[in-house]
1. Seen from all sides and averaged, what is the projected area of the convex hull of the Cα atoms in the range 90-216, in nm²?
2. May I ask you to give the solvent-accessible area per residue for the range 186-339, in square angstrom, as obtained with a 1.4 angstrom probe?
3. I'd like to know how the range 218-377 sits against the 2.2 N^0.38 Å rule of thumb: what's its Cα Rg over that expected value?
4. For a quick check of your reading of the filter: which GluC sites (Glu not before Pro) in the range 48-153 sit in a DSSP loop and have no more than 15 other Cβ atoms within 10 Å?
5. Starting from the Cα gyration tensor of the range 42-141, take the square roots of the eigenvalues, sort them a ≥ b ≥ c, and report rounded, prolate or oblate (rounded when a/c is under 1.5, otherwise prolate if a/b is larger than b/c, else oblate).
6. List the trypsin sites (Lys or Arg not before Pro) within the range 18-83 that fall in a DSSP loop (any state other than H, G, I, E or B) and whose Cβ has at most 15 other Cβ atoms within 10 Å.
7. Rg and Dmax in Å for the chain, alpha carbons only: what are they?
8. Let's test this: bin the Cα-Cα distances of the range 123-189 at 5 Å from zero up to the farthest pair and state each bin's percent.
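The values are calculated or read from the model by the stated rules, or taken from the named source; none is laboratory data. Since we're looking at a predicted model, the values are computed, not measured. Ideal geometry is used to build each Cβ from the backbone, glycine not excepted, and the neighbour counts take in all protein chains shown. Calculation scope for accessible area: heavy atoms of the full protein, side chains included, ligands and nucleic acids excluded. Shrake-Rupley method; radii C 1.70, N 1.55, O 1.52, S 1.80 Å.
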Amino acid sequence: MSPRSALNLDKESFLARHWQRKPLFIPSAIAHFKPPVSSHQLAGLALEEHVESRIIEHRDGSWQLHHGPFTNADFKRDTAWTLLVQAVDHYLPDVAALRQLVDFLPQWRTDDVMVSYAVDGGSVGPHYDNYDVFLLQGEGERLWKLGQFCDASAPLLPHEELRILSLFESEKEFLLRPGDMLYVPPGTAHWGVARGEGTTFSIGFRAPRVNDMVSRWADQLLERLDPDLFYHDANIESVTRPGEIRPRDLERALAQVQAALDQEMDNHWFGELVTEPRYTPASDEDDLAEARALLEEGVAYVALSPEAKLAWQQEAGGIAVFANGDARQFPPEVLPFLIQLCGEWLLQGDLLAHALDDAGADALLNYLLEAGCIYVE
Ligand code: SIN
Ligand code: CO
């Protein structure tokens, strides 16, 4: 069964009642779930320099945070502790495949998959997140308490980096066993405590800040605006009170700003913003040359890189493709290849042969290769 159809959830009812609104406990969300990473593998990742990891422990009545990379000695503690490893999906394709469980939601809304390992009693403390998350229990059990709705005014314990709530009003509790899932919308206080040792997969989402949307939209608009266009006021009314900015002057200014805002724009700023990678993709000229040569020879398959942030939008003249924060336009013929790549994460057989024969699709593959969104084998 592909991960896509493995999720035991009524998607329409979830979208209508829960997404961005209300938590949902999904018992046996995945039948016979076999966690795609073991605690041992997770600990191994946390030893590596390039992997972002943290340990949170509760010691002597206070929460403490340690940043990786760790050594094996760090995993021998006499407190209740949790190891959190970010973007495990970038390193393990089977973990990346968990994102397909939720691809009834726009793919560009998904973030990386974080995996945590906790010893008995381990917890990261009561907190809320600004983003939606599906918590999927791997090994062992974790008791999750859900609490009040929070926003930036919620009181926090004093800590430079951790955002732990100083007040948690428990409203509901769920004991998650392997394969169970809990959806937590942004702002809902939650607090998970391990029952025995175990792992939890956080399939996280991203949402751009409205601040950033305004700034990127304005940047794109400013690139297009004629810098030699000035405020104009033909037919001006004569001044009776010197120094005054009159309501009519303001109206005129706002109307001119509005006319500038109403300009036709391709809105690529949005796709560029939502596909911006959190971690800069590694690029190696030799690997790129080798991959290009393989493409020309007619490779066996082209696969989506687990860390790729790829999206597209249909436009009057063709398709705009957004790859790791960059945008480029392609002819409409590339659409079936993009749908296949974004849906199946793979291009092979006849479809790949057609892509390599088609000038637009061939240019698309080269572009995705350069952007670090695909690899070839
Ligand atoms: C955890 O896995 O313990 C933390 C995940 C979360 O609360 O978002
Ligand atoms: Co959380």
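1. Across all orientations, the range 90-216 yields a mean hull projection of 9.1 nm².
2. Per-residue accessible area for the range 186-339 comes out at 60 Å².
3. It is 1.54.
4. Within the range 48-153, the qualifying GluC sites (Glu not before Pro) (loop, at most 15 other Cβ atoms within 10 Å) are Glu48, Glu49.
5. The shape class here is prolate.
6. For trypsin sites (Lys or Arg not before Pro) across the range 18-83 that sit outside H, G, I, E and B with at most 15 neighbouring Cβ atoms in 10 Å, the list reads Arg21, Lys76, Arg77.
7. According to the Cα coordinates of the chain, Rg and Dmax are 25.1, 82 Å.
8. With a bin width of 5 Å, the distribution comes to 4, 17, 25, 26, 17, 9, 3, 0.
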